[in-house]
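Structure first, then comments.
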Amino acid sequence: MPERGSGARARGVQASGRALLAGAALLAVSVLSVQAAHASQRFAAQGEIEVAFSPRDDTEKVLIDLIHSARKSLKVQAYVFTSRPIADAMVAAHRRGVKVEVLADAQMNRREKGNAIPRLLDAGVPVAFETQYNAAHNKVLIVDAEGPRCAVLTGSYNFTWSAENRNAENLLIVRDHCALARAYRDNWQRHRAEATPVAALPWRP
């Protein structure tokens, strides 16, 4: 007749085996998840780089000049958008035939007061709000990604009066690197696919 201790040990071995199998399965899922994640992209250096720093530089003018240079397309990602001059430059681009499209953080832009987005909406510029993230913190302009005179603007600079006059901010433009511009465009399109079009403010989900 088996001893009670032997049965307990057997059950313990079985439980340990199940725990090991469960751990192995979890590890396999984790590995697959890591493999499924997209690696970063690297590009050979090319083109021209321009930098500006606020409040020392006239950073808003640099940004508006870039908008004026757009000929075919202008894709925008904004976190806070209260600058009327920047909005007006985008409206002007839209009216001269540039395909202007704007993505903005939903929580930071849902109110009408002080917001420059109504100027875009009134002019017929397509705007969509990003709702899938805790913060859609990108500040990006993608100009003519199809080339030949492509450009990408990014940095910490929000489209606001405070970013121009009160904050320590940076802005970086990479020109004539169309592979980079297309990578930013493709990322913009992924964000646009999950964003919510906006017709008017105030906005409620």
Notebook entry, point to check: Does the range 158-205 hold any residues that are under 18 Å from the mean Cα position of the chain (by Cα) and of a type in the set (F, W, Y), and which are they?
Noted result: F159, Y184, W188
Note to self: Consider the range 52-91. How many of its residues are surrounded by fewer than 17 Cβ atoms within 10 Å (Cβ to Cβ) and either under 20 Å from the mean Cα position of the chain (by Cα) or farther than 21 Å from E164 by Cα (or both)?
What the structure shows: 2
Check: For the range 151-168, which residues satisfy the criterion of being surrounded by fewer than 21 Cβ atoms within 10 Å (Cβ to Cβ) and either in contact with a Leu (Cβ under 9 Å, 6 or more places away or on another chain) or acidic (D, E) (or both)?
Finding: T154, G155, S156
Notebook entry, point to check: Which numbered condition trips up Y133, out of (1) farther than 30 Å from Q46 by Cβ; (2) buried (at least 17 other Cβ atoms within 10 Å of the Cβ)?
Noted result: (2)
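Here's the yes/no breakdown for (1) over 15 Å from L66 (Cα atoms); (2) of a type outside the set (V, I, T):
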position	(1), (2)
D122	yes, yes
K139	no, yes
D144	no, yes
L153	no, yes
N167	yes, yes
I173	no, no
A179	yes, yes
R182	yes, yes
D186	yes, yes
Check: Could you say which residue among A128, A145, A135, A179 is assigned to a helix (DSSP H, G or I) and among the small types (G, A, S)?
Finding: A179
Check: For the range 128-154, how many residues meet the condition of being within 16 Å of the chain's Cα centre (by Cα) and without any contact (Cβ under 8 Å) to a residue 40 or more places away in the chain?
Finding: 4
Next item on the list: Could you check, for the range 98-105, whether at least one of its residues is buried (at least 16 other Cβ atoms within 10 Å of the Cβ), in contact with a Pro (Cβ under 9 Å, 6 or more places away or on another chain) and not hydrophobic (A, V, I, L, M, F, W, C)?
Entry: yes
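Taken together, the values in this text are just the output of simple stated rules run on the coordinates, not laboratory data. Since the model is a prediction, treat every value here as computed from it, not as a measurement. Note that we place each Cβ from the backbone using ideal geometry, even for glycine, and neighbour counts take in every protein chain shown.
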